[in-house]
Amino acid sequence: MAKHKVHYEFPMHCLSEILYEYLATAEGLSEWFADEVTEKGDDFYFSWGGGPAEKATLIRYKPEGFVRFRWEEDEGTKHFFEMTITIDDITEDLALNITDFCEEGDEEENAMYWENLIENLRIKLGAA
């Protein structure tokens, strides 16, 4: 089944510099995204519940702006997941925008997955 692109936006109440550390470092990602994260160059290894590590490669980034990863299973495709920090020019409100790919029919499950992850992140940031 073909995957298609989905977008989510989550208001965040924190500093962009701090948020970026939670998105772009193994230490930060292991606080909310996975149980354990190790980093070897541009390769990040994520594991949950003591299971085998899943590899994702950091394929693009902009300090304090965004990170884009591609799962090993998606190599050779245009599929990725990206976490982008946006700040409204007028209100200065900060949001975390997620771009991901999921299979047709999995949109609701994918949205709940990200909502739960972001709630964990907000708790770690003290921004819940």
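So how many Å³ per residue does the convex hull of the Cα atoms of the chain work out to?
It comes to 118 Å³ per residue, whole-number rounded.
With a cap of 14 neighbouring Cβ atoms within 10 Å, and only residues DSSP puts in a loop, list the chymotrypsin sites (Phe, Trp or Tyr not before Pro) found in region 22-128.
Passing sites in region 22-128 are Trp48.
Taking a point 7 angstrom from the Cα of Thr86 along the C-beta vector, which residues in region 1-39 have backbone N less than 15 Å away?
Residues 6-12 fall inside that zone.
Would you calculate, for the chain, the mean residue ellipticity at 222 nm contributed by helices, counting each DSSP H stretch of 4 or more residues as -39,500 (n - 2.57) and dividing by all residues, to the nearest 500?
For the chain, the value works out to -8500 deg cm²/dmol.
With Cβ to Cβ distances under 12 Å as the rule, what net charge do the other residues near Tyr20 carry (K, R +1; D, E -1)?
-2
Quick one: among Glu82, Glu31, Glu109, which has the greatest mean-square fluctuation in a GNM of the chain with alpha-carbon springs under 10 angstrom?
Glu109
Once the whole set of protein chains is in place, how much accessible area is left on Asp42, using a 1.4 Å probe, in Å² to the nearest 10?
90 Å²
Find, among the trypsin sites (Lys or Arg not before Pro) in region 1-106, those assigned to loop by DSSP (not H, G, I, E, B) with at most 16 other beta-carbon atoms within 10 angstrom.
Numbers: sites: Lys3, Lys5, Lys40, Lys55, Arg60, Arg68, Arg70, Lys78; in loops: Lys78.
Filter output for region 1-106: Lys78.
Run the reach check for Lys62 against aspartates and glutamates, Cα to Cα strictly under 15 Å, same-chain hits fewer than 8 apart removed. What comes back?
Hits, sequence-local ones excluded: Glu17, Glu21, Asp42, Glu82.
Working out 0.36 nm times the residue gap between Thr77 and Leu117, then minus their Cα-Cα distance, what length gain in nm do you get to one decimal?
Additional length available on full extension: 11.9 nm.
Using only the Cα atoms of region 3-44, what do you get for the radius of gyration and for Dmax, in Å?
Computed over the Cα atoms of region 3-44, radius of gyration and Dmax are 12.5, 33 Å.
The values are calculated or read from the model by the stated rules, or taken from the named source; none is laboratory data. Bear in mind the structure is a predicted one, so any value in this text is a computation, not a measurement. Methodologically, a virtual Cβ is constructed for each residue, glycine included, from the backbone with ideal geometry; neighbour enumeration extends over all protein chains shown. Only protein heavy atoms, including side chains, enter the accessible area calculation; ligands, DNA and RNA are left aside. Shrake-Rupley method; radii C 1.70, N 1.55, O 1.52, S 1.80 Å.
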